[in-house]
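Working notes, structure below.
Every number in this text was worked out from the coordinates using simple rules, so none of it is lab data. What you are looking at is a predicted structure, and each value in this text was computed from that prediction instead of being measured. Positions of Cβ are generated from backbone atoms using ideal geometry, with glycine treated the same way; all protein chains shown enter the neighbour counts.
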Amino acid sequence: MSERLELIEGEDYYWEGAVMVFTARFHLKRGRCCGNRCRHCPYGNSVQQGGTMRGAEGLPEPNQSPSEST
């Protein structure tokens, strides 16, 4: 069963109209990339960073630099 994270509005997410937008802080707390090209993805998989819909395979762990992942 998945552990539920306590979310703090303004730190882990914010609202943009009716859409909940997760922050980089939330993604780091979560501990892995979901592969959905999130706006604030700290794993280099955001739309702004040229990420692709590829899932978490091949992406660095939170405390690992990209050069260490290969």
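For this structure, a couple of remarks:
- Under 14 Å from the R39 label point (7 Å along Cα→beta-carbon), backbone N, segment 6-26: 10-26
- Least to most buried among H40, H27 (fewest other Cβ within 10 Å first): H40, H27
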